Amino acid sequence: MTSQIGSSNVKKIITCKMTTKKDAKALIVDDDSMAHTLHKHLLSRFGFKTFTAENGKQAIELFRSGEHFDLITMDFQMPVMDGIEATKTLRDMGVDSKILGVSASDKSAVMELFIEAGVDHFFTKPLTLDKLARFFKNI
Amino acid sequence: MDVINQLQRQYVDFLSSLYREGLLDDQFLQIQKLQDESNPEFVNEVVTLFFEDSEKLLHNLAIALDQQLVDYKKVDACVHQFKGSSSSIGAQRVRNICVSFRTCYDAKNLEGCLRCLQQLKDEYYLVKNKLQTLFKLEQQILAAGGVIPIMG
């Protein structure tokens, strides 16, 4: 079955509790430019303004400079500082943003490390509209 | 109108074959659904990034496996990234090779790794070729005044 929508799709914002307030911000922490592109589009569909960081250290520096984000997508494997260390550090700093751990690895050990570090949820890549919709529905 | 219908049917048949052969999975459809009037080139953008990243990674893997003393952590990093990017666009067979690849470098099996690298190259260039054909069909549809069908 096909539908004739093509590139004239109208952008629909998906209702989400987190973005009912104006200017909800999401930080995408990943060293992969494809992930930046994909996650930006996904999150903007839920009404987030999106920002990116290349690694955990950059993410921490953003918070230390006074920035705040409502949601963070945190990749596991990154140079300089990985997602586990970054998550632990952010939580120790008292950051209460929702943090989603993401990884291409489907090893349960990665999920356990992320949960111990303090994420709100873990997703195996790729992130999709459905996965995010289910997460936002349950918070 | 007949020309447009014919091109659209050709497009749908071709894309269906890519799903049937396991070259693409549902994630490709998810990416197409993200394309809209504010991002009319989104699929092209993501796929182009995949091509650029993949060719760098294949090059880096070849170098890493050509060393006297192979650094399997570097191999892991490349394959892990390749797995992520291929999953992100739905290049299923490329992703599956990455999974097998891990078994080889976990065991420090150089011969196995070299075989996997060749398989990875073969599958990557196959899916690249198919996606380029798909985009050509899209251009033909648009040039004829039609819209690109989204399967779902």
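Under a straight-distance cross-link criterion of Cα-Cα below 18 Å, which aspartates and glutamates are reachable from B:Lys136, leaving out those fewer than 8 residues away in the same chain?
The reachable aspartates and glutamates, counting only those whose Cα sits under 18 Å from B:Lys136, are B:Asp13, B:Glu41, B:Glu45.
Quick one: order A:Arg91, B:Arg95, A:Arg45 by neighbouring beta-carbon count within 10 Å, fewest to most.
Arranged by neighbour count, lowest to highest, A:Arg91, B:Arg95, A:Arg45 become A:Arg91, A:Arg45, B:Arg95.
Once all Cα-Cα distances of the protein assembly as shown are split into 10 Å bins that start at 0, what whole-number percent is in each one?
Result, from short to long distances: 6, 26, 31, 24, 11, 2, 0 percent.
For peptide A:38-45, what's the mean number of Cβ atoms from other chains within 10 Å of each residue's Cβ?
The shielding value for this peptide is 4.
Sorted by packing (mean other beta-carbon atoms within 10 Å per residue), highest first, where do B:46-55, B:62-71 land?
Most protected by this proxy first, the peptides run B:46-55, B:62-71.
For the pairs A:Lys49/A:Lys125; A:Lys49/B:Lys74; A:Lys25/A:Lys107; A:Lys17/A:Lys88; A:Lys88/B:Lys56; A:Lys57/A:Lys107, flag any whose C-alpha to C-alpha distance is greater than 28 Å.
A:Lys49/B:Lys74; A:Lys25/A:Lys107; A:Lys88/B:Lys56
Convex hull over the alpha-carbon atoms of chain B: what's its volume per residue in Å³?
99
Could you pull out every whole DSSP H run in chain B that spans at least 27 Å of Cα extent along its own axis and averages 0.5 or higher on the Kyte-Doolittle scale?
Correct list, ordered by number: B:42-65.
Run the numbers on segment B:39-145 and let me know its relative contact order in percent, using alpha-carbon pairs under 8 Å that are six or more apart.
Dividing the mean separation by the residue count of segment B:39-145 yields 24 percent.
Rounding to the nearest 20 debye, state how big the charge dipole of chain A is about its Cα centre with +1 on each Lys and Arg Cβ and -1 on each Asp and Glu Cβ.
It comes to approximately 840 debye.
About its Cα centre, how strong a charge dipole does chain B have in debye, to the nearest 20, once Lys and Arg get +1 and Asp and Glu get -1 at the Cβ?
440
Per-residue ellipticity at 222 nm for chain A, helices alone: DSSP H runs ≥ 4 residues times -39500 (n - 2.57), over residue total, nearest 500 deg cm²/dmol?
About -11000 deg cm²/dmol.
Grab the other residues whose beta carbon is less than 13 angstrom from that of B:Leu58, score K and R as +1, D and E as -1, and report the net.
Once positives and negatives cancel, what remains is -3.
How big is the charge dipole of segment A:66-132 about its Cα centre, in debye rounded to the nearest 20, if each Lys and Arg gets +1 on its Cβ and each Asp and Glu gets -1 on its Cβ?
Rounded to the nearest 20 debye, it is 140 debye.
Since every read-out is calculated from the coordinates, none of them should be taken as a lab result. In this text the structure is predicted, and so the values were computed from the model without any measurement. With ideal geometry, Cβ positions are generated from the backbone for all residues, glycine too; neighbour counts draw on all protein chains shown.
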